[in-house]
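First comes the structure, then the notes that go with it.
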Amino acid sequence: MTGVYGSQARMTAHIIAAATARGSHIGVGTDKTVVEVSKEAEQAWLDKLLRYATWFAPLLTTCPPTYFTGYRSGEARDEKELAMVKRKLLYPLGPVGYDHAGQDYIQKGDLEGFIVH
């Protein structure tokens with residue numbers, strides 16, 4: 001699991017370095033840079049994850065109460081609640097896939113999907 005932390009650290013370092021290299025700062029005389037994910041990029045990432053959410057569907061109905069099931073048993077859920085649970089699932093292609101996605105993004109060398117102030 002520590003490999004995921006390394007992936008996140010590399011991505012975070014890339015975002016910070018690229019954002020600060022732009023020299024954008026909030027306010028005159030400050031050295032603060034703010035980075036936000038654009039709504040479009042957030043939705044695109046979510047859409048990617050939701051394409052694979054059905055892979056985890058058995059977890060939602062057969063596993064005992066755990067982190068994966070929101071600490072609930074497999075009782076029936078309404079569509080709204082099920083949609084929210086799907087948004088909180090793990091990266092569906094596993095830690096290696098997550099690392100590859102991050103490396104691919106970093107190799108582009110830009111901040112596509114981020115807004116820098």
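Read-outs throughout are calculated quantities, based only on the coordinates presented, and are distinct from any laboratory measurement. Only a predicted model underlies this, so the values are computations on that prediction, with no experimental measurement involved. Here the Cβ positions follow ideal geometry from the backbone for every residue, glycine too, while neighbour counts run over all protein chains shown.
Tabulated values for the structure
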| quantity | calculated |
| --- | --- |
| Added length on full extension, which subtracts the Cα-Cα distance from 0.36 nm per residue, residue 107 to residue 12 | 32.8 nm |
| Cα-based reach from residue 48 at 23 Å (exclusive), listing lysines while leaving out same-chain residues under 8 positions away | 39, 80, 86, 88, 108 |
| Charge sum, other residues only, whose C-beta stays under 9 Å from residue 50's C-beta, Lys/Arg counted +1 and Asp/Glu -1 | +3 |
| Förster radius 35 Å - calculated FRET efficiency between residue 87 and residue 21 (Cβ-Cβ, nearest 0.05) | 0.60 |
